[in-house]
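In what follows, a structure is listed as structure tokens, so that the remarks can point back to it.
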Amino acid sequence: MLQKRNYYLLFVCSFWLVLSNTFNYSALAANSVINITKKKSSCSNQDLATLTTNLLRDLPGYFNRATQRARRMDRSVEVYSYMLVAGKPDFTALQLKSWTDETDKSTNETKGVEQVFFTTLERQYVKGKAVQFQGFHWLFLTKTESGWRMAMMYSQTGGYPKQKPPTPPRDSSNSAVAQGIKTWLRDCRAESIKF
């Protein structure tokens with residue numbers, strides 16, 4: 001009789017322990033859900049300088065993954081780039097003259113679009129020899145309700161370390177650099193990036 005009573009007390013204590021832990025976990029989970037729903041996307045809360053500094057910190061990894069995904073394995077010879085580093089951003093915006101009327105001397109105000117200039121150092125292997133070059137990028141970003149997005153980008157390429165004149169500017173909105181930026185911004189909007 002005494003042994004049954006001890007088992008009964010042990011059962012009641014164990015049941016109470018499980019029940020109290022369940023309520024604690026439920027309360028903790030409920031608080032986490034409330035905090036997540038109240039919190040806005042960390043990406044949309046960042047100012048341009050903080051956002052771009054973190055973007056350029058991670059850009060080489062995103063660029064290199066984009067180029068690896070784009071490789072065609074059926075080619076016997078293929079040259080592709082590795083990004084080694086992305087430089088610090090420059091936020092000095094260029095005045096955009098109006099393209100619609102040449103007599104209009106005023107600048108074309110692009111509200112909500114931010115300009116960022118940055119450089120990259122990339123490397124290619126051509127016939128077993130490493131060739132390095134610089135990329136000069138003019139990035140346009142815009143802030144939406146869901147977070148920052150890339151509007152467009154122009155790029156130039158120059159030699160490194162030899163200072164040859166860079167190539168003429170080209171629309172690089174669909175380049176591997178742009179793909180890396182778009183993927184990083186997507187991850188930022190999904191709150192996968194740590195600031």
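Do the conditions hold for Phe136, that is, is it within 21 Å of Asp58 (Cβ to Cβ), among the aromatic types (Phe, Trp, Tyr) and either under 10 Å from the mean Cα position of the chain (by Cα) or in the same structural domain as Glu114 (by TED's automatic domain parsing) (or both)?
Judged against the criteria, Phe136 is a match.
Restricted to region 127-151, and to residues that are without any contact (Cβ under 8 Å) to a residue 24 or more places away in the chain and not in a strand (DSSP E or B), which residue is surrounded by the fewest Cβ atoms within 10 Å (Cβ to Cβ)?
Here the answer is Gly128.
Quick check, is Ala93 among the hydrophobic types (A, V, I, L, M, F, W, C) and either at pLDDT 90 or above or part of a strand (DSSP E or B) (or both)?
no
Identify all residues within region 157-174 that are within 23 Å of Leu94 (Cα to Cα), surrounded by 15 or more Cβ atoms within 10 Å (Cβ to Cβ) and at pLDDT below 95; write none if there are none.
Thr157, Gly158, Pro166
The values are calculated or read from the model by the stated rules, or taken from the named source; none is laboratory data. Given the structure is predicted, the values throughout are model-derived calculations rather than measurements. Ideal geometry is used to build each Cβ from the backbone, glycine not excepted, and the neighbour counts take in all protein chains shown.
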